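Notes follow once the structure below has been shown.
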Amino acid sequence: DDALSVPAVFDIAGIALPRQTLDLTAADRAEIAKLRGLIYWLDGMRGVLWLPTYQQDLQVVANIGSSATQITVAACNYTLDVAMALNRRDIRIETWGGAVYHRRITACAALGDGTELLTIDSALGAAVAVADIKRISFLQLVRSDSDIFELAWWTGETVDCAMTFKAVRRDV
């Protein structure tokens, strides 16, 4: 970029690699220790972790049985446009009761009636009703977008930290 016009951007990876910023506040010494442990574990931009989008990416339209390995969701063109693309294969199912399930989508099919059928790698082990689901978010494999983390201390026991993560072009 020569700073004379709109920069030219080339998508070498062939996929979107989004950035996501999290503002974290640690309110006591135990939380501060966990936050500092995470920063040390990330080791700048070297460590990678799974981070949910924290959005309602998929909407379940039928109850999920305890031994079911298929989830019926409202049509969102997942089968047509995404079809298990990188960083769109893994999901986080979060319930209002606090239970969280992480699963991988192994197959998908459009049913033609306004729904899509997603096959997951293993059953949830508990029956989950549609009304109990808070959200289903995609999980992305991410790394820190910087080697530097700034901790803003408000008191001896309260600290803020903004962390920016960038999706990586790898799969597990």
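Descriptive notes on the structure:
- Estimated purely from DSSP H runs of n ≥ 4, each contributing -39500 (n - 2.57), the mean residue ellipticity at 222 nm for the chain is -2500 deg cm²/dmol once divided by its residues.
- Near Leu124, the amide H atoms lying under 5 Å from its own belong to Ala68; only residues 5 or more places off or on other chains count, and H is placed 1.01 Å from N.
- Trypsin sites (Lys or Arg not before Pro) lying in DSSP loop within segment 98-172, provided at most 10 other Cβ fall within 10 Å: Arg170
- With K and R counted +1 and D and E -1, the other residues having a Cβ less than 15 Å from that of Glu150 yield a net charge of -3.
- Remark: segment 51-172 carries 51 Å² of accessible area per residue (probe radius 1.4 Å; ligands, DNA and RNA excluded).
- Note on Leu111 and Asp145: their simple-model spin labels are 3.8 nm apart, each label 7 Å out from Cα toward Cβ.
- Proximal charge balance of Thr95 [Cβ under 13 Å; K/R count +1, D/E count -1]: +1
- Placing a label point 7 Å from the Cα of Ser66 along the Cα-to-Cβ line, the residues of segment 89-115 whose backbone N sits under 20 Å from it are 93-103.
- At R0 = 25 Å, FRET efficiency that the Cβ-Cβ distance of Gln59 and Thr119 yields, to 0.05: 0.90
- Global form of segment 78-172, assessed from the alpha-carbon gyration tensor, a/c cut-off 1.5: oblate
- Between helix 29-42 and the chain: long-axis angle, C-alpha atoms, 0 to 90°, nearest 10: 80 degrees
- Prolate/oblate/rounded label for the chain (Cα gyration tensor, a/c 1.5): oblate
- Phi-based couplings in Hz for segment 148-158 (Karplus 6.51, -1.76, 1.60; Gly and Pro marked x): 10, 10, 9, 9, 9, 8, 8, 9, x, 10, 9
- Whole-percent carbon and sulfur share, accessible surface of the chain, 1.4 Å: 53 percent
- Environment charge at Ala75 (Cβ cut-off 10 Å; Lys +1, Arg +1, Asp -1, Glu -1): -2
The values are calculated or read from the model by the stated rules, or taken from the named source; none is laboratory data. Every value quoted in this text rests on a predicted model; they were computed, and no experiment measured them. No Cβ is skipped: glycine too gets one built from the backbone with ideal geometry, and neighbour counts run over all protein chains shown. With ligands, DNA and RNA removed, areas are computed over all heavy atoms of the protein, side chains included. Shrake-Rupley method; radii C 1.70, N 1.55, O 1.52, S 1.80 Å.
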